[in-house]
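First the structure, in the form of structure tokens, and then the observations on it.
The values are calculated or read from the model by the stated rules, or taken from the named source; none is laboratory data. Computed from a predicted model, the values in this text were never measured in an experiment. Glycine gets a Cβ as well: all are built from the backbone with ideal geometry, and neighbour counts include every protein chain shown. Side chains included, ligands, DNA and RNA excluded: accessible areas come from the protein's heavy atoms. Shrake-Rupley method; radii C 1.70, N 1.55, O 1.52, S 1.80 Å.
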Amino acid sequence: MFSIQSARKLASLSLAISMSAASVAAMAEVMVGGAPMLPTKDIIDNAVNSKDHTTLVAAVKAAGLVDTLKGPGPFTVFAPTNAAFDALPAGTVDTLLKPENKETLTTILTYHVVPGKWDAAALGKRIKDGKGKAMIKTVSGGTLTAKSSGKKIMLTDEKGGTATVTIPNVYQSNGVIHVIDKVLLPK
């Protein structure tokens, strides 16, 4: 016999499955640089499809970080757009991409990477727990300061520059990307 309890359990299970499917579908619909960012792909496989991140991808390749960012992670990447790189002083990007500047480039890029998977909710909790700010240790060994400004997350680098997270929670198979509007610079 099919009891009322069985019917409720089945209804609850059906609802949970449909909500999970909707969540996965919603994550898959994030568009960055005109391309869908699929949570089944890793950071590199998604980033190469974004028209807004061609400079970042070129820099990651020049620094030799492709294999690392294709690795299991998890990583949180604060990904500056092409416009963010374009805002640097003239010639900066070209100089950084030269082989003799690989170490400096690697330091700058790894300053944008945090170990672990820190989505906006987790960052928001850290900010709240830190009474308005969170100190975040980067892979390069530097520190970013995260604060909330309305519903946005702001990051301040060690030189006092500030970037805004413009697209949060771009989930990847090996972490999460937050698109930012400025290049962050370590000391």
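Would a scan of region 177-187 turn up a residue that is over 17 Å from the mean Cα position of the chain (by Cα), farther than 17 Å from Ala47 by Cα and crowded, with 16+ Cβ neighbours inside 10 Å? It would help to see each step written out before you state the result.
As a first pass, look at region 177-187 and keep what is over 17 Å from the mean Cα position of the chain (by Cα): 186-187.
Among the residues that remain, those that are also farther than 17 Å from Ala47 by Cα are: 186-187.
If we keep only those that are crowded, with 16+ Cβ neighbours inside 10 Å as well, we get 186.
Yes; the residues of region 177-187 include at least one that is over 17 Å from the mean Cα position of the chain (by Cα), farther than 17 Å from Ala47 by Cα and crowded, with 16+ Cβ neighbours inside 10 Å.
Set side by side, the residues Lys128, Lys151 differ, and just one is at pLDDT 95 or above and among the basic types (Lys, Arg), which is Lys128.
If you go through region 126-157 and pick out every residue that is in contact (Cβ under 8 Å) with a residue 24 or more places away in the chain, open to solvent by 60 Å² or more (accessible area, probe 1.4 Å) and within 16 Å of Leu184 (Cα to Cα), you end up with 1.
For the condition more than 23 Å from Thr55 (Cβ to Cβ) and more than 14 Å from the chain's Cα centre (by Cα), what is the one hit in Ser148, Ser140? Exactly one of Ser148, Ser140 is more than 23 Å from Thr55 (Cβ to Cβ) and more than 14 Å from the chain's Cα centre (by Cα), namely Ser148. Output the residues belonging to region 103-125 that are open to solvent by 40 Å² or more (accessible area, probe 1.4 Å), closer than 24 Å to Ala84 by Cα and not acidic (Asp, Glu). Once the filter is applied, which keeps residues that are open to solvent by 40 Å² or more (accessible area, probe 1.4 Å), closer than 24 Å to Ala84 by Cα and not acidic (Asp, Glu), region 103-125 yields Thr104, Thr107, Pro115, Lys117, Trp118. Working only within region 158-170, note down all residues that are modelled with pLDDT of 95 or more and in contact with a Pro (Cβ under 9 Å, 6 or more places away or on another chain). Once the filter is applied, which keeps residues that are modelled with pLDDT of 95 or more and in contact with a Pro (Cβ under 9 Å, 6 or more places away or on another chain), region 158-170 yields Glu158, Lys159, Ala163.
For the condition of a type in the set (Lys, Arg) and under 13 Å from Phe75 (Cα atoms), what is the one hit in Lys117, Lys152? Break it down stepwise before answering.
Numbers: Lys152 fails: under 13 Å from Phe75 (Cα atoms).
None of the other options fit; the residue is Lys117.
Of all the residues in region 67-100, those that are under 27 Å from Thr164 (Cβ atoms), surrounded by fewer than 16 Cβ atoms within 10 Å (Cβ to Cβ) and without any contact (Cβ under 8 Å) to a residue 40 or more places away in the chain number 7.
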